[in-house]
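No lab work stands behind these numbers, since they all come straight from the coordinates. Worth saying up front: this structure is predicted, and the values here are computed from it rather than measured. Cβ atoms come from the backbone with ideal geometry, glycine included; neighbour counts cover every protein chain shown.
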Amino acid sequence: MAGGVVRALPGWISAGVVVQIGAAAGVQFAGGRGFAFRVIRPQDWATCTGHVWLDGYQVNTAGAAVQRRSIFVLIDGLLPALGPYRRPSGTDAGPPL
């Protein structure tokens, strides 16, 4: 995107971290459409100021990956996920992170 700005993510957001995606991260996630998201990596694509594309997995309450996604979010709207999200082991692990 011409004229976009790449902004550094807060230090706590890195590969493997689970963040809560909701209305604060973008209007497309409002109205009960939020979810927990395990970050694989941020994309270094230039975007609107204060936003970023994240690659990762939508995870369920047990921490299992249910869908791989690339999402466009407001950096200041990203929150640490509450809950015991851990990478499951064994056959329930889902896709590799």
> Taking segment 22-73 as the search range and keeping residues that are among the β-branched types (Val, Ile, Thr) and under 15 Å from LEU9 (Cα atoms), which one is farthest from the chain's Cα centre (by Cα)?
Replying inline: THR49
> Going through segment 38-58 one residue at a time, which ones are among the hydrophobic types (A, V, I, L, M, F, W, C), in contact (Cβ under 8 Å) with a residue 40 or more places away in the chain and touching a strand residue (DSSP E or B) at 6+ places or on another chain (Cβ under 7 Å)?
Replying inline: ILE40, TRP45, ALA46, VAL52
>> Give all pairs with beta carbons closer than 6 Å in which a residue from segment 59-82 that is under 16 Å from ALA46 (Cα atoms) meets a residue that is among the β-branched types (Val, Ile, Thr); count only pairs at least 6 apart in sequence or on separate chains.
In response: ILE75/VAL52
> Here are GLN28, GLN20, GLN43: which of them is out of contact with any helix residue (DSSP H, G or I) (no Cβ under 7 Å at 6 or more places or on another chain) and within 12 Å of LEU79 (Cα to Cα)?
Replying inline: GLN20
>> Looking only at segment 59-79, count every residue that is closer than 13 Å to ILE21 by Cα and surrounded by 13 or more Cβ atoms within 10 Å (Cβ to Cβ) and tell me the total.
In response: 11
